[in-house]
Amino acid sequence: VNPDWKEKFSKVLIDEKVTSSPTAQRFMEIFSDRFEVISGPPQDIEKGELSASQFADSKKQIHLTEFKGQFFKKCPGFHKGMACCNYFVLNLGFQCDMDCSYCYLQSFINSNYLTVYTNIEEALGELASMKHLHDQPVRVGTGEVIDSLSLDPLTLYSRRLIDFFKNYPQWTLEFKTKSHLVDQFLDCDHGGNVIVSWSINPPNIIAQEEHRTASFDQRMKAAEKCLDKGFRLSFHIDPMIWHPEWKDNYAFLVDEICRRFSPRDIPVLSVGALRFQPEQKNIMRERFGMKSLVNQAETFQGADGKLRYDYDTRKEMFDFVLGRFKENSPLWKIFMCMETPETWVDTFGHTPFHEEPLKDFFQPIR
Amino acid sequence: MELVQLMRACESLNQLKSKWDPALLFQLQGRQWSERLSDLCHQLQNTPQTFQEWARLKQMDVKDLQPLLSLKGRVRIDPLLEDIAQLKVSRTEGKQILDLLVDLILMENQTESLRAQDNPNWLKVLKQKRYPMSHAQEKHTPSNKNLPRYAQIVNFRQGDRLLKKLQITYSDSQDLKDKLNRLSSQESLT
């Protein structure tokens, strides 16, 4: 276990209903000097919009409890007007211990606690009951509202998920992370349907905008370890952030991926550009000021209501990255995350439904 | 009750050392009290009276005024808030101006360089300062040299897209038809 956990979390509250769960037992052992068992929600829980300092607190205070809603959901990319890649999300917690300036959680986290759900067996039961999807090429990600792996040495959920997905060969499990914490599952026997993916940016963007995340080199080395153990890999170059030297820095990123990996190792890569809800702007500015490249961005409201770079700027950035990969090898498969069919047509000449290597991802699920 | 009125009511209760909880006052008005709202009320209390009055008249609400939260401890914006009040801008324009001003102050622009100076195009001027790259693109005049005098291409922004618009001057539908025919056969347009 990473020895920094105790420095990272000042408070660990465990709902009395879940104390017998393996996750709670493990937390009690690791945080033996500070955990508290409570009945009901934490007394100082905030509901509603958080202040900047409360949001910062929510990254240092953990609450273990059970989740009573539906675990399995369609990815938010299903929004009308966006090209969708059949991605489903499984949320085993809420809030992230890392602190990216552009993080969309800032616009809707409404609790001053990082919540970890302990009833993973119920989540898996819910997946098992989706019989109509068992023979469909469903992709399931666990990194929508919490990083898939940054707390995994504490929860060990990766091990349980990898084991579960062995029974569903048509499905793909995707861990999405900005951490380098992979050692806890490398010995697991997997069904070849697990993708470990990294959201990645050039080192200067990681240093300036992705606070408390693993460095570029740490992420690359973690990916190499996973590859050695037969896991499939993916990289999400997302969100691309414009800055005067963006071409040099994204060229470095692409070249490093190409140097360390081959298209055979990475079934698919994705690119996306900075985007956020207008209401997120205030808290981002309060927390990171105007030195942040994200806050400095010249953005405009797109068709989906989100603020984005000008269309031509986005297209130039996508063309550059796609071109650089294709120069290395035409076999790289790349798609654009949360982009309109219009951007697809202008970049690839057609929608993703007609892009041969990506067809399967974008076929509507029956 | 408007946010500014609620904030003033809280202030008065505080001065009277009343035991009234501000949270209760806000709840009675159907609003949820929070630390963030408390911070905003505090920030709003420190703004010039003229601005508060403008914000009350324009029914500026929590989301509209939240940009002020980024300026904790800074008073440099006061003359600019007075300009907003003095120019009597609409609520929609006022929201945009406030947001741009906060960005520009945090980007180390001098207060004096941001003053309205009675310019009715203040919003436009601030946008140009805040979005210099996009402004340069928009300002770049499309070439009209191969076009007849009755046609002109101009840039215009639609959301996240900078598009071009072809404007045609015509007298009646037959004239329009003729000009469109002539234009469509012109190589420079294809």
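Exactly one residue among A:ASN249, A:ASN295 is at pLDDT 95 or above, more than 13 Å from chain B (Cβ to nearest Cβ) and surrounded by 15 or more Cβ atoms within 10 Å (Cβ to Cβ), and that residue is A:ASN249.
So if I check each of A:ARG308, A:ARG285, which one is outside any helix (DSSP H, G or I), crowded, with 22+ Cβ neighbours inside 10 Å, within 8 Å of another protein chain (Cβ to nearest Cβ) and not aliphatic (A, V, I, L, M)? So that I can check it myself, show each step before the final result.
Numbers: A:ARG285 fails: outside any helix (DSSP H, G or I).
Answer to the selection: A:ARG308.
Are any residues in region B:115-145 touching a helix residue (DSSP H, G or I) at 6+ places or on another chain (Cβ under 7 Å) and either within 17 Å of A:GLN296 (Cα to Cα) or within 14 Å of chain A (Cβ to nearest Cβ) (or both), and if so, which ones? Once the filter is applied, which keeps residues that are touching a helix residue (DSSP H, G or I) at 6+ places or on another chain (Cβ under 7 Å) and either within 17 Å of A:GLN296 (Cα to Cα) or within 14 Å of chain A (Cβ to nearest Cβ) (or both), region B:115-145 yields B:LEU126, B:LYS127, B:GLN128, B:LYS129, B:ARG130, B:HIS135.
Only one entry of A:GLN61, A:GLN43, A:GLN70 meets the criterion of being exposed (fewer than 13 other Cβ atoms within 10 Å of the Cβ) and within 21 Å of the chain's Cα centre (by Cα), and that entry is A:GLN70. When A:LEU233 is tested against (1) under 30 Å from A:PHE55 (Cβ atoms); (2) touching a Cys at 6+ places or on another chain (Cβ under 8 Å); (3) not basic (Lys, Arg), exactly one condition is not met: (1).
Considering every residue within region A:332-339, establish whether at least one is under 30 Å from B:LEU126 (Cα atoms) and at pLDDT below 95. Yes - at least one qualifying residue is present in region A:332-339. Of all residues in region A:112-133, those that are touching a residue at least 24 places away in the same chain (Cβ under 8 Å) have Cβ atoms under 6 Å from Cβ atoms of residues that are small (Gly, Ala, Ser) and not in a loop (DSSP other than H, G, I, E, B), 6 or more apart or on another chain, in A:THR115/A:GLY93; A:VAL116/A:GLY93; A:TYR117/A:GLY93; A:THR118/A:ALA24. Considering each residue of region B:44-62 in turn, at least one proves to be out of contact with any Lys or Arg (no Cβ under 6 Å at 6 or more places or on another chain) and either within 11 Å of chain A (Cβ to nearest Cβ) or touching a residue at least 60 places away in the same chain (Cβ under 8 Å) (or both).
So is B:LYS165 modelled with pLDDT of 90 or more, within 14 Å of another protein chain (Cβ to nearest Cβ), out of contact with any helix residue (DSSP H, G or I) (no Cβ under 6 Å at 6 or more places or on another chain) and surrounded by 11 or more Cβ atoms within 10 Å (Cβ to Cβ) or not?
Details: modelled with pLDDT of 90 or more: yes; within 14 Å of another protein chain (Cβ to nearest Cβ): no; out of contact with any helix residue (DSSP H, G or I) (no Cβ under 6 Å at 6 or more places or on another chain): yes; surrounded by 11 or more Cβ atoms within 10 Å (Cβ to Cβ): yes.
Criteria not met by B:LYS165.
Check region B:96-111 and report whether any residue there is at pLDDT 95 or above, surrounded by 11 or more Cβ atoms within 10 Å (Cβ to Cβ) and more than 14 Å from every other protein chain (Cβ to nearest Cβ). Checked region B:96-111: at least one residue is at pLDDT 95 or above, surrounded by 11 or more Cβ atoms within 10 Å (Cβ to Cβ) and more than 14 Å from every other protein chain (Cβ to nearest Cβ). Of all residues in region B:113-121, none satisfies being under 12 Å from the mean Cα position of the chain (by Cα), within 18 Å of B:ASP64 (Cα to Cα) and of a type outside the set (Phe, Trp, Tyr). A:ASP147 fulfils the conditions (1) crowded, with 19+ Cβ neighbours inside 10 Å; (2) assigned to a helix (DSSP H, G or I) except for a single criterion, (2). Has region B:33-43 got any residue that is over 21 Å from A:GLN54 (Cβ atoms), small (Gly, Ala, Ser) and touching a helix residue (DSSP H, G or I) at 6+ places or on another chain (Cβ under 8 Å)? There is no residue in region B:33-43 that is over 21 Å from A:GLN54 (Cβ atoms), small (Gly, Ala, Ser) and touching a helix residue (DSSP H, G or I) at 6+ places or on another chain (Cβ under 8 Å).
The values are calculated or read from the model by the stated rules, or taken from the named source; none is laboratory data. On a predicted model such as this, the values are computed, not experimentally measured, just so you know. Cβ: placed from backbone, ideal geometry, glycine included. Neighbour counts: every protein chain shown.
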